[in-house]
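One structure below.
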Amino acid sequence: MIDPHADLDPATLAVSLGRPPRRAGAPLNVPVELSSTFLGSATSGPGPVYGRTDNANWQALEHVIGTLEGAPNGCTVFGSGMAAVAAVLDLLDHGGLLVVPATAYNTTLELAGALRDRGRLRLAVADPADPAAVEQALEPGAMLWIESPSNPLLEVLDVPRLVGSARAAGAVSVVDNTFNTPLLATPLADGADVVVHSATKYLSGHSDLLLGAVVTGDAETHRRLVTTRRLTGGVPGPFEAWLALRGMRTLDVRLRRSVDTARLLAQRLTEHPRVDRVRYPGGGAVVSVEVAGGAAAADAVVDALRLWTPATSLGGVESLAERRRRHGNEPATVPESLIRLSVGVEHAGDLWRDLDQALRVTPGRGPIR
Ligand SMILES: *Cc1c(COP(=O)(O)O)cnc(C)c1O
């Protein structure tokens, strides 16, 4: 059979996959399958059995995310990004070594630390910007955790080199691809073993649900993840899966718009007299700014915003701003004055004017134009 989706662009795949078979009278979208159990008997043949094991909305979403990441049959969705992270960490043998950067997502670090404190795993915190230090820390059977760009410092890592080092050392490599989405990076193609997503962010894109996903090209690893989900029950609701797939239909247009605006804002912020430093890796839709005047000034800027929403999270159509160190578990490597901006899809000029007026509340070094 000819694969109708061969050679299609990811933007097209995100729209066209995960739909019911094309026949007269079929719905265009997979209906929300709200059922905890499914009819079956000894004679009725294979089919879904129970809602912790099977759901049509998960399957549709998994097919789309898996295809975009390069493993159409290798995606497992979870009830949140952290449920996905926890399932991946559980792939490590008891007492195994996790090599994680100090710049990893703060709750991933917190979970890894809690698992270490209980003796579940050993932890090596390495500087991923120094691949030699990472290579030094690796051992056979270890798991290397990679996030690029990092959150919220937005440092970009040499992912192909790091996953290559992991492979050479007999270790498994995991990339948290939340910030990039498969439209900006496909770590499996770079040689990574496992990709993790908080689909709460760009993939679903509307700040209205939590959902996680894990993708792997290795059938045995996939089977273990599916089993973990069934045994531990960290499943997404069918409606959340339906909403996430609906969000993914517009991933390409949302992301392109946000990236274009982020690039423009990063450029203008660099020239702003009240800004000490702009962190922007040149792609993506998150920009971090360090404002003049420290924590108090940064808090004042966030409070003065009218259009940007003061809230944590990222990846939604709504632009969000947050001083990250307001969180007790944010590492001290993050400057007190750093505000993380998640650029949404509002008009760029409106977003800029609001930022500019808010920045004027800070004590600057030079006169405001
Ligand atoms: C938000 C986030 C997570 C956790 O996902 P939840 O859906 O909030 O549980 C993990 N990694 C990264 C990079 C994130 O931004």
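When the expected Rg is taken as 2.2 N^0.38 Å, what fraction or multiple of it is the alpha-carbon Rg of the chain?
Output field value: 1.04.
In whole Å, what is the distance between the alpha-carbon centres of segment 324-363 and segment 235-292?
Result: 12 Å between the Cα centres.
Report, to the nearest whole %, how much of the accessible area of the chain belongs to carbon and sulfur atoms, 1.4 Å probe, protein only.
55
Direction-averaged shadow area of the convex hull around the Cα atoms of segment 108-151, nm²?
The number I arrive at for segment 108-151 is 3.4 nm².
Report Rg (one decimal) and Dmax (nearest whole number) for segment 14-129, counting Cα atoms only, units Å.
Both quantities, over Cα of segment 14-129: 19.4, 58 Å.
Given the rule -39500 (n - 2.57) for each run of at least 4 DSSP H residues, summed and divided by the residues of the chain, what is its mean residue ellipticity at 222 nm, to the nearest 500 deg cm²/dmol?
After summing the helix terms and dividing by residue count, I get -10500 deg cm²/dmol.
With a 1.4 Å probe and every protein chain left in place, work out the accessible area per residue of segment 151-224 in Å², rounded to a whole number.
35
Based on the alpha-carbon set only, what is the convex hull volume of segment 293-347 divided per residue, in Å³?
Taking the convex hull of the Cα positions in segment 293-347, it is 79 Å³ per residue.
Rank TYR50, TYR202 by accessible area, highest first, at a 1.4 Å probe radius?
Ranking TYR50, TYR202 by accessible area, largest first, yields TYR50, TYR202.
For ARG277, enumerate residues with amide H under 5 Å from its amide H, sequence gap 5+ or separate chain, H modeled in the peptide plane.
It is GLU290, by chain and number.
Specify whether the C-alpha gyration tensor of segment 242-369 places it in the rounded, prolate or oblate class, a ≥ b ≥ c being the square roots of the eigenvalues: rounded for a/c under 1.5, otherwise prolate if a/b is larger than b/c and oblate if not.
prolate
Provide Rg and Dmax in Å for segment 244-313, with only Cα atoms included in the calculation.
Rg then Dmax for segment 244-313, in Å: 14.2, 42.
I need the calculated FRET efficiency for the pair ALA102 and LEU28, taking r as the beta carbon distance and R₀ as 45 Å, to the nearest 0.05.
Once the sixth-power term is evaluated, E becomes 0.45.
Looking at segment 237-369, what % of its DSSP beta bridges pair antiparallel, to the nearest 5?
Taking every DSSP beta bridge within segment 237-369, about 85 percent pair in antiparallel fashion.
Percent antiparallel among DSSP beta bridges with both residues in segment 143-248, to the nearest 5?
Around 40 percent antiparallel, to the nearest 5.
Counting only DSSP beta bridges with both residues in the chain, tell me the antiparallel percent, nearest 5.
That works out to approximately 60 percent antiparallel.
Per the Cauchy relation, a quarter of the hull surface: what is the mean projected area of the convex hull of the alpha carbons in segment 73-181, in nm²?
6.8
Quick check on segment 182-291: what does the Kirkwood estimate of hydrodynamic radius come out to from the alpha carbon pairs, in Å?
Taking every pair of different Cα atoms in segment 182-291, averaging 1/r and inverting gives 16.4 Å.
Restricting to Cα pairs below 8 Å that are 6+ residues apart, what does the relative contact order work out to for the chain? Please round to a whole percent.
Once divided by the residue count of the chain, the mean separation gives 16 percent.
The values are calculated or read from the model by the stated rules, or taken from the named source; none is laboratory data. Bear in mind the structure is a predicted one, so any value in this text is a computation, not a measurement. Methodologically, a virtual Cβ is constructed for each residue, glycine included, from the backbone with ideal geometry; neighbour enumeration extends over all protein chains shown. Accessible surface is based on the protein model in full, side chains and every heavy atom, while ligands, DNA and RNA are left aside. Shrake-Rupley method; radii C 1.70, N 1.55, O 1.52, S 1.80 Å.
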